[in-house]
Amino acid sequence: MNWKARLLLLDGLMPSIGDDGRLAWGSLADAAEDAELVFLGLDDGKACFVAVPGRGDAAPRMANPQLWSLMASMEPGDLALYGGARSIADWHARHRFCAQCGAETSLAKGGWQRNCGSCGAQHFPRTDPVTIMLVEHEGRVMLGRGKGWPEGRFSALAGFVEPGETIEEGVQREVFEESGVRVRDVSYIASQPWPFPSQLMIGCHSYADDDALVIDETEMAEINWYTRDEVTSALAGSGPFVAPPPHAIAHHLLHWWVSR
């Protein structure tokens with residue numbers, strides 16, 4: 001398609017997939033007449049845009065089974081593009097009004113800013129830092145199952161970094177709050193943007209001197225310790241728990257841990 005500009009097609013915030021299994025694109029004429037368009041960048045000389053969902057049109061902000069399935073089938077490049085587009089479109093849909101004075105805001109700088117015409121405030125897309133961490137004790141790793149998760153599905157513990165905290169302090173606090181375990185020697189492993197709605201997952205590793213658990217039952221359904229052999233089996237699809245999906249950073253953190 002020899003367009004000078006093209007539009008990433010979303011159904012609310014859900015991706016549209018073409019017959020070739022790739023993200024579907026259309027022309028700018030496919031956007032609603034009054035839609036706000038966010039500039040995503042250039043691809044092979046073509047300007048790429050995504051439309052901000054209209055009021056009431058946005059899909060749920062959290063992932064659902066249908067979206068998990070679609071994401072699992074996407075190529076890495078499409079998944080990254082969709083994640084960024086989803087985050088920025090969702091931010092615009094949720095920031096139509098000024099947090100300072102309540103007046104309507106308007107899209108600016110190609111969609112990477114919103115301005116208030118009443119008080120002059122400028123608003124910028126935000127990313128929320130989240131620590132996601134492996135806790136190790138004597139050759140075993142701590143994994144948890146959150147409230148409402150499917151039976152058998154386990155992942156690394158995670159939580160938002162609070163104002164005034166370092167990443168290390170965020171890891172230590174979240175682990176203690178959810179499991180009752182104190183950790184030390186926190187180290188950074190890798191990071192991943194996560195567009196639900198717009199987090200930066202900061203993957204870390206730490207050590208515990210004690211494996212006694214005091215589970216926060218308001219957030220966690222289960223927390224267990226697993227050996228390398230058990231984690232290796234789970235990643236292969238035959239272990240004592242269901243591992244995180246390949247497109248989640250927790251999956252890659254577990255691969256990193258078993259290969260150390």
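The values are calculated or read from the model by the stated rules, or taken from the named source; none is laboratory data. On a predicted model such as this, the values are computed, not experimentally measured, just so you know. Every residue, glycine among them, receives a Cβ derived from its backbone with ideal geometry; neighbour counts consider all protein chains shown. Only protein heavy atoms, including side chains, enter the accessible area calculation; ligands, DNA and RNA are left aside. Shrake-Rupley method; radii C 1.70, N 1.55, O 1.52, S 1.80 Å.
A few notes on this one:
- Residue match in the stretch 189-201 (condition: farther than 19 Å from residue 174 by Cα and open to solvent by 60 Å² or more (accessible area, probe 1.4 Å)): yes
- Those strands (runs of 3 or more DSSP E) lying entirely in the stretch 108-164 with at least 1 residues at pLDDT 95 or above and among the polar types (S, T, N, Q): 113-116, 128-137
- The stretch 6-51: number of residues that are in a strand (DSSP E or B) and open to solvent by less than 30 Å² (accessible area, probe 1.4 Å): 12
- Hits in the stretch 171-188 - residues which are surrounded by fewer than 21 Cβ atoms within 10 Å (Cβ to Cβ) and assigned to a loop (DSSP other than H, G, I, E, B): 180, 182
- Only listed residue being closer than 29 Å to residue 260 by Cβ and open to solvent by less than 80 Å² (accessible area, probe 1.4 Å), chosen from 107, 157: 157
- Residue list for the stretch 223-260, restricted to those being crowded, with 17+ Cβ neighbours inside 10 Å and in a strand (DSSP E or B): 223, 225, 226
- Only residues that are in contact (Cβ under 8 Å) with a residue 40 or more places away in the chain, closer than 17 Å to residue 226 by Cβ and open to solvent by 40 Å² or more (accessible area, probe 1.4 Å) were counted in the stretch 133-154, giving 4.
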